[in-house]
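Q: Before I ask anything, let me first share the structure, which is written out below as structure tokens.
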Amino acid sequence: MSIRVAGTGLTKFGELWSNSLEDLLREASFEAIAESKFPAQSIEAVFVANMGSGMFEGQLHLGALVSSFFPHLPPGVRIEGACASGGLALLQAEYALLSGQYETVLVVGAEKMTDVSATEGTQVLAAASHFAREYGSTFPALYGLIAQAHMEKHGTTRQQLSDVSAKNHSHGRKNPLAQFQKNITAEEVSKSTLIADPLRLLDCSPLSDGAAAVILTTKNAKNGVYVRGFGHGMDTLELAQRSDLTTFSSTRRAMELAQKMSGISVSQIEAVELHDCFTIAELVALEDLGFFPPGEAGRATSEGQTTFGGRVVVNPSGGLKASGHPVGATGVKQMVYLSRLLHEKTFHTALTHNVGGSGATAVVHILEVA
Amino acid sequence: MISPAQYWRQNKEWQNWLGKQGKVVGVTRVHVAPPGQENFAPYSMALVDFILEKRLFMVAGREEVNVGDTVECVLRKVAQPDQCGIIPYGIKVRRF
């Protein structure tokens with residue numbers, strides 16, 4: 001049984017004052033349904049990805065909220081796994097399809113983050129780390145420790161981190177739905193405000209509003225984008241329990257499973273949407289996914305190996321950095337963006353990589369156009 | 001924010017940590033602090049190897065520590081008092 005991406009929906013990402021969480025969920029869902037050309041009543045179940053609506057807006061029970069969009073009230077469930085909520089919701093939908101319970105389902109991810117202050121937003125995100133045992137730390141601080149370990153072990157440089165951000169902004173400039181559609185230079189990144197040593201403001205992805213949706217079906221068609229493989233891996237929730245901070249066992253495990261299921265190896269992948277919540281996260285991911293040997297991703301980035309014309313196009317949407325990071329939407333958005341590029345035949349084989357917290361959860365999907 | 005019940009549960013752990021020494025294996029300087037810690041910034045977060053386990057702790061005051069330094073656990077204020085009225089204390093480390 002194979003799973004096809006039958007339709008995609010994606011809202012603008014950014015500070016969207018005029019759109020509520022419900023508006024965003026509705027817009028992405030119905031765009032995906034319209035694109036699939038399936039009647040709305042053919043949606044047999046809905047899987048909603050969201051991290052913090054209970055803390056951001058006091059709204060929970062999102063499975064029922066989205067189900068209520070449809071007169072036939074399909075079964076709805078909400079899935080939370082910090083910033084990997086989107087990837088995890090896709091997985092739950094895929095398991096349900098493969099079980100034979102449903103033939104066509106909706107997966108929609110959304111987050112409304114800008115109704116609260118940046119400080120309150122940071123506090124909600126910090127709930128994805130170990131509250132008591134990592135007290136006083138922030139996400140930039142945890143990734144700052146990872147960056148320092150990577151610099152010390154592999155000689156990764158400030159310039160290489162800055163090059164990641166500049167590259168993702170140059171990609172985001174071509175994405176009309178991206179939060180930031182402007183170029184920034186590596187020098188601007190290197191001179192931006194220090195957040196948690198060595199990470200600076202322009203190493204960090206922003207707080208964003210936005211939603212993304214896909215219709216997944218086991219009803220096959222001659223042409224289309226297919227989910228060839230997926231995998232789910234874990235690392236410890238607490239950074240201090242890891243023996244090596246420069247690698248995520250979650251990503252390595254998820255990639256191993258996705259490759260095995262798809263029969264597609266890393267050398268065949270032409271484009272990747274990966275989880276660059278911080279610049280260092282992109283380098284760690286490229287190494288853990290197997291695109292470059294440990295310690296080589298920084299140099300490869302500076303040499304232009306991760307953009308158009310290089311070894312693999314990394315984050316053509318602009319990634320989390322330039323495209324924005326409404327956390328519940330991100331994992332779904334990665335699949336939407338790549339599906340559209342595959343549909344246009346810009347690429348034939350692509351991969352998504354979605355991470356929760358400081359690497360505790362990772363989800364990998366491998367997509368191919370038939 | 002730490003609730004009174006969370007605070008009460010954490011208190012019981014203090015005696016296991018006070019005076020304990022370990023070696024710094026990673027450190028980052030936090031310039032933008034979370035709510036409750038703004039008045040401490042900039043402060044350091046140190047990943048400390050206590051041989052039997054590693055833990056991440058705030059560094060006391062504005063002291064800067066480096067990888068390889070030996071640090072000891074001390075009791076310090078870890079956040080500004082919140083609306084519950086608690087003055088939250090907890091374990092931090094300082095250079096030994």
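Q: Does A:S250 satisfy being surrounded by 24 or more Cβ atoms within 10 Å (Cβ to Cβ) and either polar (S, T, N, Q) or assigned to a loop (DSSP other than H, G, I, E, B) (or both)? Before the answer, list the steps.
A: On the way: surrounded by 24 or more Cβ atoms within 10 Å (Cβ to Cβ): yes; either polar (S, T, N, Q) or assigned to a loop (DSSP other than H, G, I, E, B) (or both): yes.
For A:S250, the condition - surrounded by 24 or more Cβ atoms within 10 Å (Cβ to Cβ) and either polar (S, T, N, Q) or assigned to a loop (DSSP other than H, G, I, E, B) (or both) - is met.
Q: Here are the criteria: (1) buried (at least 22 other Cβ atoms within 10 Å of the Cβ); (2) closer than 19 Å to A:V314 by Cβ. Tell me which single one A:L239 does not satisfy.
A: A:L239 satisfies every listed condition except (2).
Q: For A:E94, are the conditions met, namely being more than 28 Å from A:S262 (Cα to Cα), under 23 Å from the mean Cα position of the chain (by Cα), surrounded by fewer than 24 Cβ atoms within 10 Å (Cβ to Cβ) and at pLDDT 95 or above?
A: Against the criterion (more than 28 Å from A:S262 (Cα to Cα), under 23 Å from the mean Cα position of the chain (by Cα), surrounded by fewer than 24 Cβ atoms within 10 Å (Cβ to Cβ) and at pLDDT 95 or above), A:E94 does not qualify.
Q: Same structure again: List the strands (runs of 3 or more DSSP E) that sit entirely inside segment B:17-60 and contain at least 1 residues that are among the basic types (K, R), touching a residue at least 24 places away in the same chain (Cβ under 8 Å) and within 8 Å of chain A (Cβ to nearest Cβ).
A: In segment B:17-60, B:21-30, B:54-58 are the strands (runs of 3 or more DSSP E) which contain 1 or more residues that are among the basic types (K, R), touching a residue at least 24 places away in the same chain (Cβ under 8 Å) and within 8 Å of chain A (Cβ to nearest Cβ).
Q: In the set B:G68, B:G90, which member is part of a loop (DSSP other than H, G, I, E, B) and either at pLDDT 95 or above or not polar (S, T, N, Q) (or both)?
A: B:G68
Q: Can you name every residue in segment A:42-75 that is more than 18 Å from the chain's Cα centre (by Cα), surrounded by 22 or more Cβ atoms within 10 Å (Cβ to Cβ) and in a strand (DSSP E or B)?
A: The answer is A:V46, and nothing else.
Q: State the number of residues belonging to segment A:129-148 that are in contact (Cβ under 8 Å) with a residue 24 or more places away in the chain, at the interface with chain B (Cβ under 7 Å from one of its Cβ atoms) and aliphatic (A, V, I, L, M).
A: 2
Q: Among the residues of segment B:77-89, is any within 11 Å of chain A (Cβ to nearest Cβ), over 21 Å from A:H130 (Cβ atoms) and in contact with a Lys or Arg (Cβ under 7 Å, 6 or more places away or on another chain)?
A: No; the residues of segment B:77-89 include none that is within 11 Å of chain A (Cβ to nearest Cβ), over 21 Å from A:H130 (Cβ atoms) and in contact with a Lys or Arg (Cβ under 7 Å, 6 or more places away or on another chain).
Q: Which helices (runs of 4 or more DSSP H) sit wholly inside segment A:106-210 and have at least 3 residues that are crowded, with 24+ Cβ neighbours inside 10 Å? Walk me through it before giving the result.
A: Working: elements: A:118-126, A:139-154, A:158-172, A:186-191.
Helices (runs of 4 or more DSSP H) meeting the threshold: A:139-154, A:158-172.
Q: The conditions are (1) in a loop (DSSP other than H, G, I, E, B); (2) closer than 15 Å to A:Y143 by Cα, and A:S243 fails exactly one of them. Which is it?
A: A:S243 satisfies all of (1) in a loop (DSSP other than H, G, I, E, B); (2) closer than 15 Å to A:Y143 by Cα except (2).
Q: Mind counting the residues in segment B:1-15 that are more than 8 Å from chain A (Cβ to nearest Cβ) and in contact with a strand residue (DSSP E or B) (Cβ under 9 Å, 6 or more places away or on another chain)?
A: Residues of segment B:1-15 more than 8 Å from chain A (Cβ to nearest Cβ): B:1-5, B:7-9, B:11-15.
Still in the running and in contact with a strand residue (DSSP E or B) (Cβ under 9 Å, 6 or more places away or on another chain): B:2, B:7, B:11, B:13-14.
Residues meeting the conditions: 5.
The values are calculated or read from the model by the stated rules, or taken from the named source; none is laboratory data. Predicted model only: the values in this text are computed from it and were never measured. Every residue, glycine among them, receives a Cβ derived from its backbone with ideal geometry; neighbour counts consider all protein chains shown.
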